[in-house]
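Here is the structure we will look at, set down as structure tokens.
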Amino acid sequence: MLKEKIAKIEFIDLHAQRRALKHAIPGVLERVLEHGAFILGPEVQQLEQQLTEYTGAQETITCSDGTDALRLLLMAKNVGPGDAVFVPSFTFASSAEVIAQANATPVFIDVCPTTFNIDPQSLVQAIETLDKKLTPKGIIAVDLFGLPANYPVLHEIAQKHDLWVIADSAQSFGGAYQDKKVGNLAVMTSTSFFPSKPLACYGDGGAIFTNDKEVANTLRSLRNHGCGKHRYDHIHIGMNSRLDSMQAAILLEKLAIFPQERMRREAIACLYSQVLPSDVKTPSVSPDYTHAWGLYSVLCEAQTRDGLMQHLQECGVPSNIYYRKPLHLQPAYAHYPRASEKLAVTERISEQVLSLPMHPYLTDEQVAYVGECVKGYFK
């Protein structure tokens, strides 16, 4: 298959989605301009209602971005100095950043070699060997690349040790475990609507899902300067983390086409597994799980990863590495405790992982071409 015959491949194609929505977006933005309620307007309320219906969660609270979603949850749980929160090292910095910013202590955990999600065995080891000066408070489980973490086991561990669980589902909106969707797999869930996410706006945005009414009421206050029933009645020390009506209007239109986009991502992932050679290890998903395919990440030998990436670039195929250096080895986080001196799986995966193009507007021909390019490197 000649490169010249294949349309340009984007890692994430926001322009293709914009073209699909070109007749809808201008009208909804015009309506916001007409009514003028730019912050927490009717579109925000409508979006929260539709997200609640989609996920099956009892409450949805939108906010400025996915990092604030995590930050607000820690504020609602009164996390502070002397507290320990367990988090995987193989993740984006925001998962641990919010813990450190609360003056609490992130404790880094290893991940499972097949799912890339938090390893329950490593988690238990960290809990049982935690410095007695620290008080264990909770677990932030990250649904890496779009695959939900093992919440049934995590909840058992949390219950045994009197911990809460937050699902960091920034990459996994649309995923599920059995008949429950992401947003309803833990009592508290955060997600992100950053432009590259499965459900995304044209800027920053985030949301929190919870089945705890008291937490939901606290979160609504915290995101709006700690306000009570009245604008100048402050019952908490809060922050400004409100989703604007423009982004909510865009998200409503994208949510309408989201189910078909998610199904297309699933089809692309299946096609990748057929066309990629055995030289790379493709993702494996248990039948009980629905992967959101926020990213499509494979593993290859460490000595071939960067060469494969360069080869793909020469073929016109973009790829990325998530994440090249684990958090526990980063200068900002290296002094924090970890489950063990060496998080072996995390450190190995960071040298092997490579993410290929993934978005619902890839054609079968483009996916097949990516497969040919990968095969070509290993010939």
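Remarks
- Annotation: peptides 323-331, 228-236, 88-96, ranked by per-residue average of other Cβ atoms within 10 Å with the highest first, follow the order 88-96, 323-331, 228-236.
- Percent breakdown of C-alpha pair distances by 10 Å bin, ordered from the shortest bin, for the stretch 237-276: 24, 27, 24, 18, 7, 1
- If you take all other residues with their beta carbon under 15 Å from the beta carbon of Val79, and give Lys and Arg +1 and Asp and Glu -1, the sum is -2.
- Spin-label model distance (nm) - Ser196 vs Glu253, 7 Å beyond Cα toward Cβ: 2.4
- Normalised contact order of the stretch 242-379, rounded percent, pairs of Cα under 8 Å and 6 or more residues apart: 36
- With N counted as the residues of the stretch 17-253, its alpha-carbon radius of gyration over 2.2 N^0.38 Å works out to 1.02.
- Residues Ala334 and Arg231, FRET efficiency given R0 of 56 Å [Cβ-Cβ distance, rounded to 0.05]: 0.80
- Phi to ³J(HN,Hα) by Karplus 6.51 cos²θ - 1.76 cosθ + 1.60 over the stretch 139-149, Hz, x for Gly, Pro: 10, 9, 9, 9, 7, 5, 6, x, 9, x, 5
- Cα convex hull of the stretch 324-369 - mean projected area over all directions, nm²: 5.0
- Residue among Gly226, Gly146, Gly36 with the largest mean-square fluctuation in a Gaussian network model of the chain, springs linking Cα atoms under 10 Å: Gly36
- Relative contact order, whole percent, for the stretch 1-149 stands at 18, derived from Cα pairs under 8 Å and 6 or more residues apart.
- Per-residue HN-Hα couplings for the stretch 205-211 [Karplus 6.51, -1.76, 1.60; θ = phi - 60°; Hz; x = Gly/Pro]: x, x, 8, 10, 10, 8, 9
- GNM flexibility winner over the chain from Glu34, Glu261, Glu97 (Cα, springs under 10 Å): Glu34
- Across the stretch 87-101, computed HN-Hα scalar couplings (Karplus, 6.51 cos²θ - 1.76 cosθ + 1.60, θ = phi - 60°) run 8, x, 7, 8, 6, 6, 4, 4, 4, 9, 4, 5, 5, 4, 5 Hz from first to last residue, x flagging Gly and Pro.
- Highest-MSF residue in the chain out of Thr363, Thr218, Thr189 [GNM, Cα springs under 10 Å]: Thr363
- In terms of its C-alpha gyration tensor, the stretch 28-107 comes out prolate, because a/c is 1.5 or above and the ratio a/b outweighs b/c.
- Overall shape: oblate for the stretch 170-251, with the ratio a/c of the largest to smallest alpha carbon gyration tensor axis at 1.5 or above and b/c at least equal to a/b.
- Cβ-derived FRET efficiency at R0 30 Å, Glu351 paired with Lys375, nearest 0.05: 0.85
- Compared with the alpha-carbon gap, the fully stretched path from Asn320 to Lys213 is longer by 34.6 nm at 0.36 nm per residue.
- Database note for the chain: Cys without another Cys beta carbon under 4.7 angstrom, Cys63, Cys112, Cys201, Cys227, Cys270, Cys300.
- Other residues lying with their Cβ under 11 Å from the Cβ of Gln330 contribute a combined charge of +1, Lys and Arg counting +1, Asp and Glu -1.
- Put a plus charge on the Cβ of each Lys and Arg, a minus charge on the Cβ of each Asp and Glu, and nothing anywhere else: the dipole of the chain about its Cα centre is then about 240 debye.
- At R0 = 45 Å, FRET efficiency that the Cβ-Cβ distance of His161 and Lys8 yields, to 0.05: 0.35
- The chain, relative contact order in percent, only Cα pairs under 8 angstrom and at least six apart counted: 23
- Averaged over residues, the count of other Cβ atoms within 10 Å places the peptides 19-29, 116-126 in the sequence 116-126, 19-29, highest first.
- Hydrodynamic radius of the stretch 144-302 per Kirkwood, over alpha carbon pairs, in Å: 17.7
- Taking amide H as placed 1.01 Å from N in the peptide plane, Ile139 has its amide H under 5 Å from the amide H of Phe86, Trp164, Val165, Ile166, each at least 5 places away in sequence or on another chain.
- For the pair Cys270 and Gln303, the difference between a 0.36 nm per residue extended length and the Cα-Cα distance amounts to 9.2 nm.
Read-outs: derived from the displayed coordinates by stated rules, not from any lab. Predicted model only: the values in this text are computed from it and were never measured. Don't worry about glycine lacking a Cβ; one is built from the backbone with ideal geometry, like all the others, and counts go over all protein chains shown.
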